[in-house]
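What follows is a set of notes on a single structure, which appears directly below.
The values are calculated or read from the model by the stated rules, or taken from the named source; none is laboratory data. None of these values were measured; they are calculated from a predicted model. Quick reminder, even Gly has a Cβ in these numbers, built from the backbone with ideal geometry, and neighbours come from all protein chains shown. Each accessible area value is taken on the protein alone, full model and side chains, heavy atoms only, with ligands, DNA and RNA left out. Shrake-Rupley method; radii C 1.70, N 1.55, O 1.52, S 1.80 Å.
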Amino acid sequence: MSDIVDMCKRAKELTLDFQLNIDKWDSVNQEIKNIVSADWKEIKFLDEDGINVNKDIVKVPDDMGGVYVFLLKPNIIPGMHLYIMYIGRARRKKEFSLRKRCKEYLKDTRPKIAYMREMWGKDLYFYYLPLENDEIIERVERELNRVIIPPCNSQIPDQYVTIMPDMGAF
C-alpha cells in the first residue's frame, strides 16, 4: 500500500496549474510587445550538481536591470517542452542588477520559489532581457505576469483583491 501512497504523493508534488490569459495579450501596448519581442539571453540556472548558480552567471549583466523569466526546459521533446515558471524584474533604483537578482534565487525562501528550485532546479533556465528604464521594466514585468500567469509567481496584477468598505446587506 505504501508504494501507491508514495506514487500519489509524488504525482501531487510534480503537479502545477498553468494558466494563459491569451485574451489579455490583445490589450497590451504595442511598445511593450515590441520590447518583449527583443533578443532575450539565457543561462542554465544551476550547475550540473544542482547546488550552485551556473558559472555562466558572469554573462548576465551586473550593471543593468531588466526583466527575467525562469523557464523549465526538461528537454523531453527538444525545443518544444517548455514551461514559464516565474517572471520577475530587477530595477536599478533599488540597486539591483540582473546578475544580483539571479544569484538571490539560490537561497530564496519564498515557498513557491523554493519549490521551483528544489523540484526542477537542474532543468531551470534564467532568461533575461536587459533594460535601463525602471518604468519600462515594471510595465513589461506587469504585462507578462498579467497574460502568462506563471505558477510560481504569488502576485498577478489582475488577481489583486480590492477590499470593499463594509456595507449593510439590505
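Worth a mention:
- Placing R0 at 30 angstrom, the Cβ-Cβ distance between residue 2 and residue 115 gives a FRET efficiency of 0.80 after rounding to 0.05.
- The chain: most fluctuating residue of 51, 149, 77 per GNM, C-alpha cutoff 10 Å: 77
- GluC sites (Glu not before Pro) within the stretch 1-54: DSSP coil, no more than 13 neighbouring Cβ in 10 Å: 48
- Loop chymotrypsin sites (Phe, Trp or Tyr not before Pro), the stretch 15-57 (other Cβ atoms within 10 Å of the site Cβ: 13 or fewer; DSSP): 18
- In the set (1) 55, 53, 30; (2) 53, 36, 33; (3) 106, 31, 23, the label that goes with Cα extents along the principal axes in Å computed for this structure is (1).
- Largest GNM mean-square fluctuation among 52, 153, 34, using the chain with Cα springs under 10 Å: 34.
- Each Cα pair under 8 Å and six or more residues apart adds its separation to the average, and for the stretch 1-153 the resulting relative contact order is 35 percent.
- The chain: most fluctuating residue of 130, 111, 61 per GNM, C-alpha cutoff 10 Å: 111
- Fraction of accessible area attributable to carbon and sulfur, the chain (%, probe 1.4 Å): 53 percent
- For residue 122 and residue 59, the difference between the fully extended length at 0.36 nm per residue and the C-alpha to C-alpha distance is 20.8 nm.
- Positive-end residue of 85, 65, 8, charge dipole of the chain with Cβ unit charges: 65
- Coordinate range along principal axes, alpha carbons of the stretch 81-136, Å, largest first: 33, 26, 15
- In loop segments of the stretch 86-127 as defined by DSSP, the GluC sites (Glu not before Pro) with at most 16 further C-beta atoms inside 10 Å of their C-beta are 95.
- Dipole in debye (nearest 20) - the chain, about Cα centre, beta carbon charges: Lys, Arg +1; Asp, Glu -1: 300 debye
- With the helix formula -39500 (n - 2.57) applied to DSSP H stretches of n ≥ 4, the chain reaches a computed 222 nm mean residue ellipticity of -9000 deg cm²/dmol.
- Taking every full run of DSSP H in the chain, the ones that stretch at least 18 Å from end to end by Cα along their long axis and average -1.0 or higher on the Kyte-Doolittle scale are 134-148.
- Across the stretch 120-140, the residues whose backbone nitrogen lies under 12 Å from the label position 7 Å along the beta-carbon direction of residue 32 are 136-140.
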